Amino acid sequence: MEKEAKWPGPEGLIPVLPKAASNASWHTRRFLDEILIEERIIGTHVADLTMQLWGKNFTSPIMMPAFSHLNKAGLDHQPMEEYAQAAKHLGIVNWVGMESDEDYAKIAEVGAETIRIIKPFADHEKISSQMAFAAAHRAFAVGIDIDHSIGTDGELDVVDGEKLGTLTAQDIEKFAAFSRELGMPFVAKGVLSTQDAAICQKAGVDAIVVSHHHGRLPFAVPPAMILPEIKKVSGKMKVFADCSVDDGRDAYKLMALGADAVSTGRAILPGLLKDGTPAVEKKIRQMNAQLKELMGYTGVAALDAFDPTVLWYHGRHF
Ligand SMILES: Cc1cc2nc3c(=O)[nH]c(=O)nc-3n(C[C@H](O)[C@H](O)[C@H](O)COP(=O)(O)O)c2cc1C
């Protein structure tokens with residue numbers, strides 16, 4: 001059941017769940033909840049969650065979210081650095097969203113393997129310069145949330161006084177090539193169709209995030225629903241997914257449907273805002289245990305052994 005969530009901070013800073021049928025987060029939650037799992041227990045093993053990604057080793061495919069702005073929530077602590085700390089302690093991938101270079105540098109200083117997601121600014125020079133800044137601060141990868149261009153008024157969105165723009169296939173190709181020059185993988189965050197996924201694949205993108213960005217698109221198709229189709233056109237790209245990954249069972253379902261790794265989002269927010277790093281670590285450890293439990297019950301010994309045929313939806317195999 002959907003709850004009216006109340007987060008601290010200035011009005012509108014942190015997205016809550018509006019009570020409306022158009023709310024994609026609601027459909028996503030409902031869809032994930034209706035996927036059921038059969039058991040394949042004979043001959044199973046305790047699962048290994050370790051993940052290799054772009055030459056580095058991680059302890060789990062559950063990653064941090066690309067959050068932003070949380071240090072401006074008027075708290076007496078710094079959530080952006082705190083969840084980076086948790087990522088570092090746990091040995092999982094960290095993500096950061098829209099932050100100034102100065103603030104990004106402070107988060108990078110924590111030393112987690114961090115993917116920096118930059119807004120699709122109308123000013124492409126700004127995108128390039130933030131990419132170069134990320135490279136200079138040893139980012140693990142860099143990307144653009146390509147799904148954040150249109151605002152709720154139907155016009156190009158403006159965030160923190162910065163005008164955003166739409167990206168063409170050529171723009172994506174250009175930024176992917178620049179990222180290669182800088183020596184970092186390039187990620188397109190916010191892919192929710194086979195058309196966009198195929199364009200990213202052709203443009204030389206290294207990874208996509210199948211996501212509706214906590215419901216930017218009203219009535220957005222749940223990432224879990226479209227993931228198998230997107231996977232078919234993704235070629236060598238890594239396919240990540242997020243939205244409503246609230247526990248390790250949600251992570252399992254997305255991995256079984258083809259995700260190489262997932263990001264949890266607002267599920268870590270209450271603990272992060274209240275108690276910082278330890279609360280985030282506790283939540284991720286719990287999610288890892290839930291993921292490992294389901295992998296054990298379904299004969300999935302490691303991340304390369306997921307099998308979508310264990311999933312059932314409305315009385316049929318998925
Ligand atoms: C406070 C907050 C700030 C966010 N900032 C960004 C951002 O700057 N860039 C971005 O790509 N996504 C941003 N997101 C979206 C998340 O990266 C992620 O896609 C989304 O929260 C996943 O859905 P979930 O919260 O239901 O798990 C933000 C989300 C929240 C809650």
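The values are calculated or read from the model by the stated rules, or taken from the named source; none is laboratory data. Computed from a prediction, not measured in an experiment: that's the story for all the values here. With ideal geometry, Cβ positions are generated from the backbone for all residues, glycine too; neighbour counts draw on all protein chains shown.
What the table shows:
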{"quantity": "Contacts under 7 angstrom Cβ, first residue in region 106-117 being within 13 Å of the ligand (Cβ to nearest atom), partner acidic (D, E) and in a strand (DSSP E or B), 6 or more apart", "calculated": "I117/D145"}
{"quantity": "Verdict on A224 being in contact with a strand residue (DSSP E or B) (Cβ under 9 Å, 6 or more places away or on another chain), modelled with pLDDT of 95 or more and of a type in the set (A, V, I, L, M)", "calculated": "yes"}
{"quantity": "Set A176, A139, A135, A169: member being under 17 Å from D206 (Cα atoms) and in contact with a Leu (Cβ under 7 Å, 6 or more places away or on another chain)", "calculated": "A135"}
{"quantity": "Counted residues, region 156-207 - those being under 25 Å from T28 (Cβ atoms) and either modelled with pLDDT under 95 or surrounded by fewer than 14 Cβ atoms within 10 Å (Cβ to Cβ) (or both)", "calculated": "2"}
{"quantity": "Extreme residue, surrounded by the fewest Cβ atoms within 10 Å (Cβ to Cβ), among residues of region 222-271 that are in a helix (DSSP H, G or I) and of a type in the set (G, A, S)", "calculated": "A267"}
{"quantity": "V93 being in contact with a Lys or Arg (Cβ under 9 Å, 6 or more places away or on another chain), within 19 Å of V245 (Cα to Cα), at pLDDT 95 or above and of a type in the set (V, I, T)", "calculated": "yes"}
{"quantity": "Region 196-207, residues that are out of contact with any Phe, Trp or Tyr (no Cβ under 7 Å at 6 or more places or on another chain) and within 16 Å of the ligand (Cβ to nearest atom)", "calculated": "D196, C200"}
{"quantity": "Complete set of residues in region 83-102 that are over 18 Å from P61 (Cβ atoms), touching a helix residue (DSSP H, G or I) at 6+ places or on another chain (Cβ under 7 Å) and assigned to a helix (DSSP H, G or I)", "calculated": "A84, Q85, D101"}
{"quantity": "Residues of region 240-275 satisfying the condition of being away from the ligand (no atom under 15 Å from the Cβ) and either in contact (Cβ under 8 Å) with a residue 40 or more places away in the chain or closer than 19 Å to R29 by Cβ (or both)", "calculated": "Y252, M255, A256, L257, G258, D260"}
{"quantity": "The listed residue being closer than 15 Å to S129 by Cα and either without any contact (Cβ under 8 Å) to a residue 24 or more places away in the chain or of a type outside the set (S, T, Y) (or both), out of A198, A177", "calculated": "A177"}
{"quantity": "Scope region 159-190; condition assigned to a strand (DSSP E or B) and within 22 Å of the chain's Cα centre (by Cα); matching residues", "calculated": "V159, L164, F186, V187, A188, K189, G190"}
{"quantity": "Of the criteria (1) small (G, A, S); (2) within 13 Å of the ligand (Cβ to nearest atom); (3) within 24 Å of I172 (Cβ to Cβ); (4) in contact with a Leu (Cβ under 7 Å, 6 or more places away or on another chain), which one A122 fails", "calculated": "(2)"}
{"quantity": "Check on I150, buried (at least 22 other Cβ atoms within 10 Å of the Cβ) and modelled with pLDDT of 95 or more", "calculated": "no"}
